Every structure is written in structure tokens, then in C-alpha cells.
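To keep things clear, I will list the structure first and then write my remarks on it.
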Amino acid sequence: MSAVPETPAAPSRPTVTEREARQVAEAAREQDWRKPSFAKELFLGRFRPDLIHPHPLPADEDVRRGEEFLAKLRDFCETRVDGALIEREARIPDEVINGLKELGALGMKIDTKYGGLGLTQVYYNKALALVGSASPAIGALLSAHQSIGVPQPLKIFGTREQKETFLPRCARTDVSAFLLTEPDVGSDPARLATTAVPEGDSYVLDGVKLWTTNGVVADLLVVMARVPRSEGHRGGITAFVVEADSEGVTVENRNAFMGLRGLENGVTRFHRVRVPASHRIGEEGQGLKIALTTLNTGRLSLPAMCVGAGKWCLKIAREWSAEREQWGKPVALHEAVGSKIAFIAATTFALEAVVDLSSQMADEDRNDIRIEAALAKLYGSEMAWLMADELVQIRGGRGFETADSLRARGERAVPAEQMLRDLRINRIFEGSTEIMHLLIAREAVDAHLSVAGDLIDPEKSLGDKARAGASAGAFYARWLPKLVAGPGQLPGSYGEFRHGIDLSPHLRYVERTSRKLARSTFYAMSRWQGRMETKQGFLGRIVDIGAELFAMSAACVRAELLRSRGDHGREAYQLADAFCHQARLRVEELFGRLWSNTDDLDRKVVKNVLGGSYTWLEDGVIDPSDDGPWIADAAPGPSTRENARRPIR
């Protein structure tokens, strides 16, 4: 490859205010709601079971193709995947990845005309749950490749030429990765420092990307970089497809983590990397919009693997708790342990209901599922972690012991502690729990901001505020009266969910609580107005209540689907009933904490912590950390390190 001519030094990291950062994020989110959304309506106090019941179902041909692939994938996982080996060696063997390529697993979501399998979202998620149970590292590799890597953004935003060029490669031979995060940039992309400077019919990339899942072994990269504004270039954060073996691309480190030890995640440096303009995805400035749109359905892959984790936790808890005896009976029959098993069983059922319902709605494309997918990610990652933690507790000392150690002393090698470590990252991956709370809260209050946003914006003129006030008055005059009463107060409502076990009271509870949730949100906006965005504790609880209500709805609808098909219907009703009772207790606790909490006191303590008032409390310990920088230097320039890239061949 010919040498890349010298380009001016990349500009320093952009300095942005809090307001500017919010404006960047706001510009990237999808503004319009062209299709109905069950979850959005739920947050507005409108329970719409007609949007999810009867439960949507996949087409017969989709089922046939999906089941055929799942059978092949199961055989592959059982005969050719050694999860314990991947854990010990912290690497997925090349022959396993090549076997997945031969199976077509790289192209599960890619259209058949490009050489992919063309599976639906439902069966793609089932496949990830299956392979992730054999090795979470493999599940992460396949998910990063297809959910957020090259295939998905090209499917939505790519040109015909880009699809014809890259999708056949992604379907069969090439692993892809998604590169957004930088050493000093996480969920605040307005400060993105990697640049793509236009030069002729190309762009020249400079910068450093951190936590590039698949980046160590990838052949193709989706890279987010800032294009400077100039004549003929609108600029802004832009997405590019980059060949990983391009001159100037260096994988400087393969990162290691507490879990997912086989994850091929690294630090990637770009130094004067020339990328053809034809490899730009979408227009300049559309990069964040592309990323967020990709994640609308891409986020479903993570909770799908959490479903697989829940199923495994249930299996181990059942088998172990029936075998282990204490005080003359199996530990499962002791209430302290039994309650944990009931939690795992009911939550696994509900989480699978949430993922399958959201996935089928994504396949049908009748509903806008951006909130549903985000709720599934948030709820799945939190609940799976709790289930794994409870499994470790049920197993006692054996839960804390490694599988290799158990095997060495003659017991079944159950990797419960590994499961706990592997699941922990899900509360951070693809949007941390805290960021998901804010993202979902923003969508949940979208209707309010649409009519009253100018009213609470301190920078708007009096004229703008007057117009906003008139608009808001008209909206709330129609909306608020509807929050007073509804079907949830009528004893006969949702009677179609009454079959031996009666689920209709739970759906009436969801309807009533949805209205209560909307009233609470309205009251908070009236009370705090423009300061609402700073009340992150309150917003997080609002979102968590919505997540529980969504899960309750999905569990009831799934139970009725299984009953109508004669597929473990009574047992499904039992699990849905148990889950809803458990969820209602959590919802009531969250409502109590909306207005009775320690948020204000916590803020005072935090200020004192940062101000050094409590440093005396840190006395008496030794800090084993070294004295290196908190954030690594990411200044642009040539790499001084050996390339750790390891392409699979």
C-alpha cells in the first residue's frame, strides 16, 4: 500500500459544555414516533394490551429455518465447543471460530441474497442464548459482529454497493467490530476525539479507540470519527467501514477482564489511515444516529444471552437443591433456599417473555420498539446478575469455588462463579444501567417535552414560553383526566386471562399502576421543571417501575399464548402468577422511594467526599494500585507498540 501523505495534526479533544453535550445526544436520537409503542404508552398511563395480545408469532417458514439452524448449532456446541478450555486459555480456538463460519453463524441476521442465513430476530436471539450458554465469550463475539458490527448498520443505512461488497464477507469469512468508545469518552460522544479529515476522495483517520470488542481478531471495523466542518463538508460524528489490515491500524493491547476471558477486546490506534469516501456509512454527521438506530434492535442480543444464563441457573439450582440435604430434607424445601429458586424460575420465565415479545415485534416491524429493547437490556442485565448471585448463594462454598477446583477434588465442575463474573459486564455493555435509565427516561417523557419543553427551558424567550404554555395547557387538559380512572378498576377486566389461575388481577394492577406512574412523572415535572434532568435517582426509579410493568405484561401474554397452544399452559400460568406477585412487591417499594429517599443527603455526602472531608476514613489500609494515570494518554500519532491483531485464518 502506498504511503499516506502527511496531514495536519489532529485537533485536540473537543471541549464542550453540558448543554452542548446534551444537544449532540438529542440530535442523534430518533425524533419521531411513526409507529405505536406499547412501552411508550405504558409510561404515559395508557395500558395498551391490544399492541401485544394476542402474542405475535413468527411465520411457519421462519420457524422451520430457525429450528433447523438451532439443531445444527446445538450439535456444534456440544461436540466442538469446550467452554472450560476457553476459560482456562482466555481465547476462543481458531478452529471453533472457523467452524462457526462454516456453519453460517456469522451471517445469522444477514439476508440470504448476500450469503447469510436470514434468520429472524427471534431465532437469532435463541441462537445467541444457546451458544452463549456453551461459552459466553462466543456469544459476545457473534453478538458484537452482527448486532452492532458492520452487518447491522449496513443493513439499515448502507448503499447497495456497500451491501454487495461487505455483507457476503461478513456472512461467511470476516469478523467485524464496532469502535466508538475512547479512553476518555464513554457515554458522552460529544467529546469524541478521533478525527476523519477529508482529503481528495478519501478520509484520513487519526485517534485511539478503547474496548473494541472483536477488535483483536476483526477483519472489518465500524469506526465513529469526527469530520471537521469545512467547505463542502457539513462535518460531525460520522461512521466508516475500515479494513482492519489497513496501513496505520494497530491493535496496541488485548485487554483482560474479570469475566468473558475469551473476549477479543483491545485498544486500537489509527494513524493517518486512509479510508475511501465510498466506505462512509450514511452522511457526515449521522454517525451517532446510526449507532443509536443500530442499537434499537441490537440491544436485544444481550438480554437474549441473559435468558440463557437464567435457564442454566435454574437447571443447576434444581439439580443441586434436590441432591443436597440439610437437617433431614433437601435444601430446596427450606424456605430460605426455596424463595431463591422461586425467584430464579419466575424471573427466567418473565425475562424470556420480554425478549421473545420484543423480538417478535421487531420482526413484524409494526411497532416502534426502541423503548422495549432498551427495557429488555436494562431489565435482563440486572435480573440475570441477581439470578447468578442467588445461584452462588444456593451452592454455598461450592458456588465460590472454580469449576477446575471442583473437578480436581472429584465433584461436578459447575462454573457458577464464572457465570457471575461473565454476567457482570452486561450491566455496563452497550449502555450502563445508569445511562439506560437516562436514555429510557428521555424517551418516556418525550410527549411532555414535546409540548412543554420550551416552557421549562431557561434560554427560551417569553414569547416561546407563552406559546408552549398554551400548547401544554391543551395537551394536559385532554390527558390528565384520563389518568383518573380506567379498566384496572373494573373487576371483570381482562377476563380472558382467567384459566384456573387468574392473571387478570395482575393486568388490572398494571393498568392502574401505569396511570399512577404517569401522574408521578407529571407531578415531578411540575415540581422540578428544568431541574428534572438532574433528578437521576427519581428518573431511574420511574424507569425501573416501567420495566417491571412491561415484564408483568409480557409474562401474562406469554402464559396465555402457551396455554392456548397446549404447551405447558398451567405451569406457565403458575410462573407468570408468581413473577407478577414478586414484581408487584418491587414496584410498591420503588413507588415508596420516589418521594421518600436519601437523594438529597447523598448529594451532600458526595460533595464532602470529593472535597476531602472524609479522607480520615480511608486511613488504615494499603492501596495495591500502582501510580499510573487514571486515563491512558490517547494523543494521536504513530503507534510505538507491537501490533497485537490476530486475524482468524
Assuming Leu210 fulfils every condition listed in (1) touching a residue at least 40 places away in the same chain (Cβ under 8 Å); (2) at positive phi apart from one, which condition is it?
-> (2)
Residue check: is Glu364 surrounded by fewer than 24 Cβ atoms within 10 Å (Cβ to Cβ), modelled with pLDDT under 95 and either over 20 Å from Val557 (Cβ atoms) or of a type outside the set (A, V, I, L, M, F, W, C) (or both)?
-> yes
Any chance Gly546 is surrounded by 12 or more Cβ atoms within 10 Å (Cβ to Cβ) and on the phi > 0 side of the Ramachandran plot | no
How about segment 569-592: which of its residues are surrounded by 15 or more Cβ atoms within 10 Å (Cβ to Cβ) and either under 14 Å from Phe538 (Cα atoms) or β-branched (Val, Ile, Thr) (or both)?
-> Val587, Leu590, Phe591
Log entry, pairs with first residue in segment 68-97 being open to solvent by 60 Å² or more (accessible area, probe 1.4 Å), second being hydrophobic (A, V, I, L, M, F, W, C), beta carbons closer than 7 Å, six or more apart or on different chains, reads Lys72/Leu103; Arg74/Leu130; Arg80/Val96
Surrounded by fewer than 18 Cβ atoms within 10 Å (Cβ to Cβ) and modelled with pLDDT under 95, is that true of Ile156?
-> yes
Check segment 124-132 and report whether any residue there is assigned to a helix (DSSP H, G or I), among the charged types (D, E, K, R) and surrounded by fewer than 21 Cβ atoms within 10 Å (Cβ to Cβ).
-> no
Could you tell me whether segment 523-543 includes any residue that is over 17 Å from Asn597 (Cα atoms), buried (at least 23 other Cβ atoms within 10 Å of the Cβ) and at pLDDT 95 or above?
-> no
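Inspect all residues belonging to segment 42-59 and state whether any of them is in a helix (DSSP H, G or I) and more than 30 Å from Ile545 (Cβ to Cβ).
Keep residues of segment 42-59 that are in a helix (DSSP H, G or I), which gives 42-43, 49-51.
Then drop every residue that is not more than 30 Å from Ile545 (Cβ to Cβ), which leaves none.
No, every residue in segment 42-59 fails to be in a helix (DSSP H, G or I) and more than 30 Å from Ile545 (Cβ to Cβ).
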Look at segment 498-514 and say how many of its residues are hydrophobic (A, V, I, L, M, F, W, C) and not in a helix (DSSP H, G or I).
-> 2
Can you tell me which of Ala332, Ala376, Ala336 is of a type in the set (Gly, Ala, Ser) and in contact (Cβ under 8 Å) with a residue 60 or more places away in the chain?
-> Ala376
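Under the condition of being among the β-branched types (Val, Ile, Thr) and within 27 Å of Pro505 (Cα to Cα), which residue from segment 522-550 is nearest to the chain's Cα centre (by Cα)?
In the first step, residues of segment 522-550 are kept if they are among the β-branched types (Val, Ile, Thr); the result is 534, 542-543, 545.
From the residues that got through so far, the ones that are within 27 Å of Pro505 (Cα to Cα) too are 542-543, 545.
On the way: Ile542: 18, Val543: 15, Ile545: 18 Å.
Among those that are among the β-branched types (Val, Ile, Thr) and within 27 Å of Pro505 (Cα to Cα), it is Val543.
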Please find, within segment 304-338, the residue that is farthest from the chain's Cα centre (by Cα) out of those that are closer than 23 Å to Arg421 by Cα and small (Gly, Ala, Ser).
-> Ser321
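Could you tell me whether any residue of segment 343-350 is touching a Gly at 6+ places or on another chain (Cβ under 6 Å), crowded, with 18+ Cβ neighbours inside 10 Å and of a type in the set (Ser, Thr, Tyr)? If you could, list the steps in order and put the result at the bottom.
First, the residues of segment 343-350 that are touching a Gly at 6+ places or on another chain (Cβ under 6 Å): 348.
The next check asks that each one be crowded, with 18+ Cβ neighbours inside 10 Å; those that pass are 348.
Still in the running and of a type in the set (Ser, Thr, Tyr): 348.
Within segment 343-350, one or more residues are touching a Gly at 6+ places or on another chain (Cβ under 6 Å), crowded, with 18+ Cβ neighbours inside 10 Å and of a type in the set (Ser, Thr, Tyr).
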Is there a residue being farther than 30 Å from Asp94 by Cβ and open to solvent by less than 70 Å² (accessible area, probe 1.4 Å) anywhere in segment 619-631?
-> yes
Scanning segment 549-568 residue by residue, those open to solvent by 10 Å² or more (accessible area, probe 1.4 Å), in contact (Cβ under 8 Å) with a residue 24 or more places away in the chain and in contact with a helix residue (DSSP H, G or I) (Cβ under 7 Å, 6 or more places away or on another chain) turn out to be Arg558, Glu560, Arg563
Would you call Glu434 within 30 Å of Ser187 (Cα to Cα) and either at pLDDT below 85 or out of contact with any helix residue (DSSP H, G or I) (no Cβ under 8 Å at 6 or more places or on another chain) (or both)?
-> no
In the set Arg191, Arg226, which member is basic (Lys, Arg), crowded, with 19+ Cβ neighbours inside 10 Å and either on the phi < 0 side of the Ramachandran plot or out of contact with any Cys (no Cβ under 8 Å at 6 or more places or on another chain) (or both)?
-> Arg226
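Select, from Thr194, Thr181, the only residue that is among the polar types (S, T, N, Q), under 29 Å from Gly139 (Cα atoms) and modelled with pLDDT of 95 or more.
Working: Thr181 fails: modelled with pLDDT of 95 or more.
Just one listed residue meets the conditions, Thr194.
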Select from segment 406-417 the residues that are open to solvent by 40 Å² or more (accessible area, probe 1.4 Å) and either charged (D, E, K, R) or touching a Phe, Trp or Tyr at 6+ places or on another chain (Cβ under 9 Å) (or both) and list them in ascending order.
-> Arg407, Arg409, Glu411, Arg412
How about segment 386-405: which of its residues are open to solvent by less than 40 Å² (accessible area, probe 1.4 Å), of a type outside the set (Val, Ile, Thr) and closer than 16 Å to Trp312 by Cβ?
-> Met387, Ala388, Leu391, Arg395, Gly399, Ala403
Given (1) over 33 Å from the mean Cα position of the chain (by Cα); (2) of a type outside the set (Asp, Glu); (3) surrounded by 10 or more Cβ atoms within 10 Å (Cβ to Cβ), number of the condition Thr615 does not satisfy = (3)
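Here's a check for you: in segment 254-305, which residue that is polar (S, T, N, Q) and surrounded by fewer than 18 Cβ atoms within 10 Å (Cβ to Cβ) is farthest from Arg229 (Cα to Cα)?
Taking segment 254-305 and keeping what is polar (S, T, N, Q), we get 255, 265, 268, 278, 286, 293-294, 296-297, 301.
Restricting the remaining residues to those that are surrounded by fewer than 18 Cβ atoms within 10 Å (Cβ to Cβ) gives 255, 278.
Numbers: Asn255: 34, Ser278: 19 Å.
The extreme case among them is Asn255.
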Condition broken by Arg318, with the remaining ones in (1) modelled with pLDDT of 95 or more; (2) surrounded by 20 or more Cβ atoms within 10 Å (Cβ to Cβ) satisfied = (2)
For segment 402-450, how many residues meet the condition of being part of a loop (DSSP other than H, G, I, E, B) and within 17 Å of Gly83 (Cα to Cα)?
-> 5
When Leu142 is run through (1) open to solvent by 20 Å² or more (accessible area, probe 1.4 Å); (2) among the hydrophobic types (A, V, I, L, M, F, W, C); (3) at pLDDT 95 or above, the failure sits at (1)
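The values are calculated or read from the model by the stated rules, or taken from the named source; none is laboratory data. Every value quoted in this text rests on a predicted model; they were computed, and no experiment measured them. Heads up, the Cβs are rebuilt from the backbone with ideal geometry, glycines too, and the neighbour counts pull from every protein chain shown. Just the protein is used for accessible areas: all its heavy atoms, side chains included, with ligands, DNA and RNA removed. Shrake-Rupley method; radii C 1.70, N 1.55, O 1.52, S 1.80 Å.
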